[in-house]
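Below is one structure; the comments refer to it alone.
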């Protein structure tokens, strides 16, 4: 029986220090029918030389060099190449400073087949803790959506998921935006009927000071606020409205807290405060989470007057 070819898209930007470790973990996968698409997003270090060396040594590795335009554009470029590939109908994403366990692809693929699911997911491992029991469970889209808002099963990351071609073809990452994961993951979830999850942390996230998600907070981080509003608007009128509302409010509060000390140079700080005030005045605090955020703002920052509810 012919196996499916699984595409792995790797966006690369100035990660020469970690890239070899990442690519080694991919070419050593126990599931060998893979196609690794490396999209170099205009790196200025030695990343391209490393990619070319792996490409020359392994026919499963492809190399594309594009002008620097962000991770979203690099992932979209990889998706476009995947859509042109008639041999591959399944795709996943791996960041170039991360690594995966040797059975990462195998377990995602087995989980999808055994559960007859449209998407399969695994857990993230941040270089500490237990990797899990490897139990598999099938979730309906509704059940997976609840887990998504709890930051479980359907994590807000493309990197621990195996997706079918028809799912990724319906939407693209938001070019030019930070937090592109937040903009797209809820859309993928909304477009499928079933999600299979394996309780196994086979994707290794590297937490480093130089990554874009850990850089100095500023106006660019307001992109996540915009994504939160988009999610809230998407789920309005559904049973998930309160969860989406609290997610959005939490993102707003977090942005306010992180930019409070630098608000003189971050004009979006006032925008976020005004939006939070209007939301609370209109809707109050809906009891679906965020237990401590209102109190942080009220008692420590004194930025928002909490109305009587």
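Mind listing whichever residues of segment 19-57 are surrounded by 20 or more Cβ atoms within 10 Å (Cβ to Cβ) and out of contact with any helix residue (DSSP H, G or I) (no Cβ under 9 Å at 6 or more places or on another chain)?
22
Does any residue of segment 26-46 turn out to be part of a helix (DSSP H, G or I), farther than 26 Å from residue 169 by Cα, over 19 Å from the mean Cα position of the chain (by Cα) and at pLDDT 95 or above?
no
Of the residues 202, 194, 190, 141, which is buried (at least 22 other Cβ atoms within 10 Å of the Cβ) and assigned by TED's automatic domain parsing to the domain that holds residue 101?
After applying the criteria, what remains is 202.
Would you point out which residue out of 88, 157 is free of Cβ contacts under 8 Å to residues at least 40 places away in the same chain, touching a helix residue (DSSP H, G or I) at 6+ places or on another chain (Cβ under 9 Å), closer than 25 Å to residue 51 by Cα and in the same structural domain as residue 38 (by TED's automatic domain parsing)?
157
Name every residue in segment 1-14 that is closer than 19 Å to residue 160 by Cβ and in a loop (DSSP other than H, G, I, E, B), in order of residue number.
Within segment 1-14, 4 is the sole residue that qualifies.
Quick check on my filter: what residues within segment 58-71 are farther than 14 Å from residue 36 by Cα and surrounded by 18 or more Cβ atoms within 10 Å (Cβ to Cβ)?
70, 71
Among the candidates 166, 114, single out the residue that is more than 19 Å from residue 251 (Cβ to Cβ), touching a residue at least 12 places away in the same chain (Cβ under 8 Å) and over 18 Å from the mean Cα position of the chain (by Cα).
114
Filter segment 168-187 for residues that are under 26 Å from residue 116 (Cβ atoms) and surrounded by fewer than 19 Cβ atoms within 10 Å (Cβ to Cβ); which is modelled with the lowest pLDDT?
Among them, the one singled out is 170.
Looking only at segment 240-253, which residues are surrounded by fewer than 19 Cβ atoms within 10 Å (Cβ to Cβ) and touching a helix residue (DSSP H, G or I) at 6+ places or on another chain (Cβ under 8 Å)?
241, 250
The values are calculated or read from the model by the stated rules, or taken from the named source; none is laboratory data. Source: prediction; values computed, not measured. In this analysis, Cβ positions are derived from the backbone assuming ideal geometry, glycine residues included, and neighbour counts consider all displayed protein chains.
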